[in-house]
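Report on one structure; see the data block that follows.
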Amino acid sequence: MEFKIASVVLLGLSLTACGKAPEQSKTTETQPQSASTASNPAMEVSKDYHSFANPEQIKVTHLDLDLDVDFSQHIISGDATIQFQRIEPNASTLILDTRDLSIERVTAMGQDIPFTLADADPHLGAALSIEVPAKVEAVTVSYHTSPQASGVQWLTPEQTAGKQQPFLFTQAQAIHARSFIPLQDSPQVRVTYQATVRTPAELLAVMSASNDPATERDGEYHFSMPQPIPSYLIALAVGDLAFKPMGERTGVYAEPSMLEAAAKEFEDTEAMLNVTEKKFGKYRWDRYDLLILPPSFPFGGMENPRLSFITPTVIAGDKSLVSLIAHELAHSWSGNTVTNATWRDLWLNEGFTTYLTYRIMEMIYGPEREQMEFVLGQQSLQADIASLPAADQMLAIDLRGRDPDDVFSDIPYEKGALFARELEQKVGRDAFDKFLMGYFEHFAFQSITTDQFIAYLNDTLLKEHAEKLDAQRIQQWIFEPGVPEGAPMAHSDAFTKVDAARDNWLAGELKAEQIDTANWNTHQWLHFLNNMPESLSQAQMTELDNAFALTQVGNNEIAHSWLLMSVNNWYEPAFSRLHDYLVHIGRNKLVKPLYQALSKTEKGKAFAKQAFTEAKPGYHPLTVKANEGYVE
Ligand SMILES: [Zn+2]
């Protein structure tokens, strides 16, 4: 998932392009021979604390879905036929995860069989226990979803680009698949699936599976996902969708009015696929298509296999925000092929994917752009480190008793990528690329823990480059807060110019209109704005706005940075745009910092409340949940 690429945060710190990472790390006292797998001894590292399922006894292997999508009632209903394998030969209870599902009946070989639905846990939902007769290898659960299902968003026609047809999309990561399918909702359970989905005849359904771009639009669609995937990668979308190819293996699905712009913006996707395959091993998923969602999609993107779900807020007209596509594509290797076994291990997915994202951006757009994005990523990481408790700054994070959605900070993403970058710098790029290719091959279609990764690292890279790597330091990266001293630093000459311009303007030596911004790209604008002091005068805000028309800027990231400054400095001329922005965009990364900043003053909170009330019917449940606390 994309969470906070090129993040935009204002700390009032004067971070320079070479700003030093906070020295919060401490060293361990022991000197292990190899990076040890030590962690909190009370924790079972391979146990998924966010699922009630019992795959160690009975493991689900395949799903067959037969579903009706009812836009009038906002429910999905039908049958999930669940094939399983007895790991313990005498096991007789199959435990599935559910959240807000109504279970009508459970059958095996045509006969009703007994089941119990436990009371719901607020984070985890309700366990569904099914007594499976001996020799039975599949059960069928007949069920329907709740209109409030946490993993499903139903949009009215007014909330779409075309305004004519409704739209539905699912978002299963981290533990929301259970809100639309009864299943073992743990990333360590991999399933293949087939699905038949019935929709209104004028709409098209697509899934994270084989999609035939030429399928007849008749309201009944068939899908097959032959590779075993974790449950959080099962995804469905239904809407007035059209398809346009971008290359031999890549294409884009979008509402008709957005199709051309999306295909143009993301036309480098095929080239990204080709270079990544060449460096890190073959693409194992057949096609790679993009689905452009309405602006309420709560994330930047979601790496649903064969069909990444993408926010329209990155269609900027100049490809300036396409690192998002590189990120979702990179998940085809890191995340979808080799998967975190529990949410504690999320950094294995996101850290290596963020590292690969930088590499893809460098291969397609050159090192100068890659370095700018690295600087922005590093600034964002420093801001998160400054705001997170020490325990949440570890790559292998303890999430017991918490909602796994809480793990999505820059720690698994940017700190994870920085760790990978350090390994690369120590052993050399060729050696590290070889290691990564071997890693993806070795663990293909498996879900692994941090500890399995460390054991593999000890056996491979650490053994081959014993003189260049330090097991204790690897331990520090994974199990200690902050960033180890001497970690790789980002530097961008293109930002040095921007820093000079900002400094001169702040010192009163240069008027805003005299700054030569003619050739600035989006990244330079973000760097310019994100590193302004926390407090500017009304005259300074007005001067910037007059010189650069920032209140009207089209790029959603630049607009975000400017609106955040406007909130922090109570710059009212931008507030009508701010209201509009909050009401029309549901991507949490873009709206949450604004609500958070507004909530700090009474008048800000009143403004936020008004916007939130208007926006709420169009927000995804996750965006509502993430922001409602700021407007109470
Ligand atoms: Zn991701």
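A short reminder: the numbers here are calculations on the coordinates, not readings from a lab. None of the values given here were measured: they were computed from a predicted structure. No Cβ is skipped: glycine too gets one built from the backbone with ideal geometry, and neighbour counts run over all protein chains shown.
Observations on the structure shown:
- Remark: the stretch 405-463 carries a charge dipole of roughly 320 debye about the Cα centre, counting +1 on each Lys and Arg Cβ and -1 on each Asp and Glu Cβ.
- Distance between the stretch 562-632 and the stretch 490-523 - C-alpha centres, whole angstrom: 29 Å
- Comparing Met394, Leu590, Thr156 along the charge dipole axis of the chain, the residue lying farthest to the positive side is Met394, per the Cβ-charge model.
- Spacing of the modelled spin labels on Asp318 and Ala386, each 7 Å from Cα toward Cβ, amounts to 2.7 nm.
- Protection proxy ranking of 203-216, 503-516, 100-113 - average other beta-carbon atoms within 10 Å, highest first: 203-216, 100-113, 503-516
- P(r) weight above 22 Å for the stretch 485-587, C-alpha pairs, percent: 32 percent
- Full extension of the chain between Ala512 and His123 yields a length gain of 135.1 nm, computed as 0.36 nm times the residue separation minus the alpha carbon distance.
- Dipole size of the stretch 82-159 about its Cα centre, with +1 on Lys/Arg Cβ and -1 on Asp/Glu Cβ: approximately 220 debye, rounded to the nearest 20.
- Straight-line reach from Lys59: taking Cα to Cα under 17 Å and skipping same-chain neighbours fewer than 8 places apart, the lysines in range are Lys47, Lys135.
- With a Förster radius of 56 Å applied to the beta-carbon distance between Glu602 and Lys135, the computed FRET efficiency rounds to 0.25.
- Alpha-carbon centroid distance for the pair the stretch 337-393 / the stretch 82-108, whole angstrom: 37 Å
- What you get for the chain, charging only the Cβ of Lys and Arg (+1) and of Asp and Glu (-1), is a dipole of about 360 debye around the Cα centre.
- The stretch 447-471 and the stretch 201-217 have Cα centres separated by 43 Å.
- Ratio Rg/Rh [Cα only; Rh per Kirkwood] for the stretch 234-295: 1.01
- Entry for the stretch 405-461 at q = 0.18 Å⁻¹: log10 I(q)/I(0) = -0.73, Debye formula applied to identical alpha-carbon scatterers, no solvent contribution.
- Residues in the stretch 108-152 reached by a label modelled at Glu628 [backbone nitrogen below 17 Å; 7 Å Cα→Cβ]: 121-125, 146-152
- Mean residue ellipticity (222 nm) of the chain, computed from DSSP H runs ≥ 4 via -39,500 (n - 2.57), nearest 500: -10000 deg cm²/dmol
- P(r), alpha carbons of the stretch 48-118 - 5 Å bins starting at zero, rounded %: 3, 12, 20, 26, 20, 11, 5, 2, 1
- If the chain linking Ala455 and Ser224 were pulled fully straight, counting 0.36 nm for each residue of separation and taking away their Cα-Cα distance, it would gain 79.7 nm.
- Each label point was placed 7 Å from the Cα along the Cα-to-Cβ direction; for Lys278 and Asn90 their separation is 5.9 nm.
- Neighbour net charge for Ile103 - beta-carbon separation under 13 angstrom, K R +1, D E -1: -2
- Considering only the chain, percent of DSSP beta bridges that pair antiparallel, nearest 5: 75 percent
- For the chain, the C-alpha radius of gyration sits at 0.96 times the compact-globule guess of 2.2 N^0.38 Å, with N the residue count.
- Point-to-point label distance, Glu543-Ala431, nm (Cα→Cβ direction, 7 Å offset): 5.2 nm
- Qualifying aspartates and glutamates (Cα of each under 20 Å from Cα of Lys511; at least 8 residues distant if same chain): Asp499, Asp503, Glu534, Glu543, Asp545
- Dividing the convex hull volume of the alpha carbon atoms of the stretch 85-144 by its residue count gives 85 Å³ per residue.
- Listed residue (Asn530, Trp562, Pro488) projecting farthest to the positive dipole end of the stretch 467-568, Cβ model: Trp562
- Cross-link reach is defined here as a Cα-Cα straight distance under 19 Å, omitting same-chain residues fewer than 8 places apart; for Lys163 the aspartates and glutamates meeting it are Asp70, Glu202, Asp240, Glu255, Glu260, Asp580, Glu614.
- From most to least packed by mean Cβ count within 10 Å, the peptides 51-63, 592-604 give 51-63, 592-604.
- Cα-based convex hull volume of the stretch 365-488 per residue, rounded to whole Å³: 136 Å³
- Scaled radius of gyration (Cα, divided by 2.2 N^0.38 Å) that the stretch 563-602 gives: 1.06
- Computed over the Cα atoms of the stretch 118-252, the ratio of the radius of gyration to the Kirkwood radius (Rg/Rh) comes to 0.99.
- Stretch gain in nm, segment Phe575-Thr107, where the contour uses 0.36 nm per residue and the Cα spacing is subtracted: 162.8 nm
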